[in-house]
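Taking it in order: structure first as structure tokens, then the write-up.
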Amino acid sequence: MNNQEIPECKHCGVGMKKWQPPDDSTWDTPYIWVCFNDECPYFKRGWDHMMKTQEAKASYRHSLNPGTGATGPLPCWSYDALKDRVIEE
Ligand SMILES: [Zn+2]
């Protein structure tokens with residue numbers, strides 16, 4: 001059994017999910033924690049922010065690197081993007 005605690009997103013308080021980065025990514029960890037809550041204020045705010053600053057229809061989700069503890073935005077171009085790489089346990 002895995003009793004590792006699931007971290008909560010600091011923006012919405014929902015438990016984060018393990019997400020497997022693509023093979024060609026620069027992540028040096030087998031997975032990162034990502035908030036996949038579509039109601040997360042960070043994710044919802046991102047759409048407006050990206051449109052204003054980049055004129056891009058995109059947003060980003062809150063992510064946490066379990067190796068370094070670093071948090072940052074994970075770019076996301078639709079509500080369903082990235083979800084195919086979630087590691088369900
Ligand atoms: Zn969140």
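The values are calculated or read from the model by the stated rules, or taken from the named source; none is laboratory data. Note that the coordinates shown come from a computational prediction; the quantities given were computed from them, not determined experimentally. Note: ideal-geometry Cβ built from the backbone for every residue, glycine included; neighbour counts use all protein chains shown.
Within the stretch 12-49, which residues are crowded, with 17+ Cβ neighbours inside 10 Å, under 17 Å from D80 (Cβ atoms) and out of contact with any strand residue (DSSP E or B) (no Cβ under 6 Å at 6 or more places or on another chain)?
Those that are crowded, with 17+ Cβ neighbours inside 10 Å, under 17 Å from D80 (Cβ atoms) and out of contact with any strand residue (DSSP E or B) (no Cβ under 6 Å at 6 or more places or on another chain): N37, C40.
Determine the pairs where a residue that is farther than 15 Å from R61 by Cβ, located within the stretch 1-13, has a partner that is within 16 Å of the ligand (Cβ to nearest atom) and modelled with pLDDT of 70 or more with Cβ atoms under 8 Å apart, the partner being 6 or more residues away or on another chain.
Cβ pairs passing all conditions: I6/G15; I6/M16; I6/W33.
Any idea which of K52, K17, K83 is of a type outside the set (S, T, N, Q) and without any contact (Cβ under 8 Å) to a residue 12 or more places away in the chain?
Of K52, K17, K83, the one residue that is of a type outside the set (S, T, N, Q) and without any contact (Cβ under 8 Å) to a residue 12 or more places away in the chain is K52.
If you take the residues of the stretch 30-65 that are more than 19 Å from C12 (Cα to Cα) and in a loop (DSSP other than H, G, I, E, B), which of them is farthest from the ligand (Cβ to nearest atom)?
E55
Considering the stretch 1-27 alone, what residues qualify as being more than 16 Å from the ligand (Cβ to nearest atom) and either within 16 Å of the chain's Cα centre (by Cα) or modelled with pLDDT of 95 or more (or both)?
Q20, P21, P22, S25, T26, W27
S59: touching a Lys or Arg at 6+ places or on another chain (Cβ under 9 Å) and modelled with pLDDT of 95 or more, yes or no?
It is true that S59 is touching a Lys or Arg at 6+ places or on another chain (Cβ under 9 Å) and modelled with pLDDT of 95 or more.
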